[in-house]
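Below you'll find the structure, written out as structure tokens, and then a few comments.
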Amino acid sequence: MKDKELDIAYFVSFCIEQYKVHISATGGEVMSIFDQYGVTEYLSANFDVLHTQSRQWLLEEIDDFIQQRKQEEQK
């Protein structure tokens, strides 16, 4: 793995662990949510901007992203 790919993997892992605590879920449950709504891809694609943000900001961003995806599904 290249350095940036490794950084992205660590970042996504950090987000999964933090989101797990945020919603009181297991890692597997968070992975299911992230897979369903494309969160992992979003975090990876936007790593350069997102990894500089605070933990709380990231959690709110993930919540907003999932909510937006849910609304898109309802259309």
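The values are calculated or read from the model by the stated rules, or taken from the named source; none is laboratory data. In this text, all values refer to a predicted model and were calculated from it rather than measured experimentally. FYI the Cβ positions are ideal-geometry reconstructions off the backbone, even for glycines, and counts take in every protein chain you see.
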**OP:** Tell me, yes or no, whether the range 43-53 has at least one residue that is in contact with a Cys (Cβ under 9 Å, 6 or more places away or on another chain), in a helix (DSSP H, G or I), of a type in the set (Phe, Trp, Tyr) and under 22 Å from residue 68 (Cα atoms).
**Re:** no
**OP:** Could you grab me the full set of residues in the range 17-41 that are closer than 24 Å to residue 3 by Cβ and either free of Cβ contacts under 8 Å to residues at least 40 places away in the same chain or in contact with a Cys (Cβ under 7 Å, 6 or more places away or on another chain) (or both)?
**Re:** 17, 34, 39, 40, 41
Original post:
Quick check, is residue 47 out of contact with any helix residue (DSSP H, G or I) (no Cβ under 8 Å at 6 or more places or on another chain) and modelled with pLDDT of 95 or more?
Top reply: no
**OP:** Tell me which residues, restricted to the range 42-75, are surrounded by 14 or more Cβ atoms within 10 Å (Cβ to Cβ) and touching a residue at least 24 places away in the same chain (Cβ under 8 Å).
**Re:** 43, 44, 47, 50, 51, 58, 59, 62, 65, 66, 69
